[in-house]
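In what follows, a single structure is set out as structure tokens and then discussed.
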Amino acid sequence: MTLLRAKEMTLDDAQRLLGFRPVWDGEFEDTLVIPELEPIELAELARLRSELLDYLTLGKMSEGQAQIIAVLPLLRLAGYSRLPIQYRVEEGIARIYIEDEDTHIRGRFDIVAVNRSQLTQDQNLLWILVVESKNLEASEFAGIAQMLTYAYTSLEHQSAVWGLVTNGANYQFFKVQKTIEGQLTYHYMPSLSLIRENRSIELLQVLKAIRDWVPN
């Protein structure tokens, strides 16, 4: 028997062991209703962007700093701290067993947001967003395998969940789905950024749209 930690997973592992396949042409507008932002939201977003840029001028920024300075304040601004949406931090996932490989996978997700007002068909809380954060020196692509591992457990109960991999400055979203035929896919969405004004506005809009999203 092999015990594999999620943080040690490669993208090849996620595709080979869990069965995920990439889709490269995802677009937010195909799934989400993109909202307009209020002036107060734009002002707060500009403040967050300014604070992040101040930290970036100091050099290295750790994963923990990225969460505190950028990710959690951005989620709060997008409404993820208001019920019925609730986010949870640093919780373990149920152990995944891959019978063909005699492999157990375990790990802890960074942040997951759930909608407490909605249940899946199996009476589980609806997962809406899985966030994997990295330090500033890491590419936002570095945590894809971990994000997919955490999203995998939610797809036992629902048809889709959103994933986000970020280093605090750059944000890569994925729509992770299980098709009717049972195929697991992860759709690459356009990359967004908190340090570019126009992209940061779209970033907040997308986060708000995901907050209100309900899978088909």
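Values quoted throughout were computed directly from the atomic coordinates according to the rules given, and no laboratory measurement underlies them. Nothing here was measured: the structure is a model prediction, and the numbers come from that model. Here the Cβ positions follow ideal geometry from the backbone for every residue, glycine too, while neighbour counts run over all protein chains shown.
Under a Cβ-Cβ cut-off of 13 Å, what is the net charge of the residues other than ARG116 that fall near it, where Lys and Arg count +1 and Asp and Glu count -1?
Numbers: positive: ARG82, ARG88, ARG211; negative: none.
Neighbour charge sum, excluding ARG116 itself: +3.
Once backbone amide H atoms are built at 1.01 Å from N, MET61 has LEU136, GLU137 as its partners under 5 Å, excluding neighbours fewer than 5 places away on the same chain.
Each residue of the stretch 17-23 was assigned a 3J(HN,Hα) from its phi angle through the Karplus curve 6.51 cos²θ - 1.76 cosθ + 1.60 (θ = phi - 60°); the sequence is 7, 9, x, 6, 10, x, 10 Hz, with glycine and proline shown as x.
Using 0.36 nm times the number of residues separating VAL33 and LYS60, minus their current alpha carbon distance, what extension gain do you get?
Working: separation 27, 0.36 × 27 = 9.72 nm, distance 3.58 nm.
Extending this stretch completely gives an extra 6.1 nm.
A crude spin-label estimate for the pair VAL23 and ALA43, with each label 7 Å from Cα along the Cβ direction, gives 4.1 nm.
Ranked by the mean number of other Cβ atoms within 10 Å of their residues, highest first, the peptides 195-204, 15-24 come out as 195-204, 15-24. Annotation: for a label point projected 7 angstrom from Cα along Cα→Cβ of GLN15, residues of the stretch 152-194 with backbone N closer than 20 Å are 152-153, 163-165, 172-179, 182-191.
Given a Förster distance of 25 angstrom, what is the FRET efficiency for HIS157 paired with ASP212, based on the Cβ-Cβ distance and rounded to 0.05? Before the final figure, lay out each step's value.
Details: r = 20 Å, r/R0 = 0.80.
Using R0 = 25 Å, I get an efficiency of 0.80.
Treating only the Cα positions of the stretch 5-93 as identical point scatterers, give the base-10 log of I(q)/I(0) from the Debye formula at each q in 0.13, 0.19 Å⁻¹. Relative scattering, expressed as log10 I(q)/I(0), comes to -0.76, -1.18.
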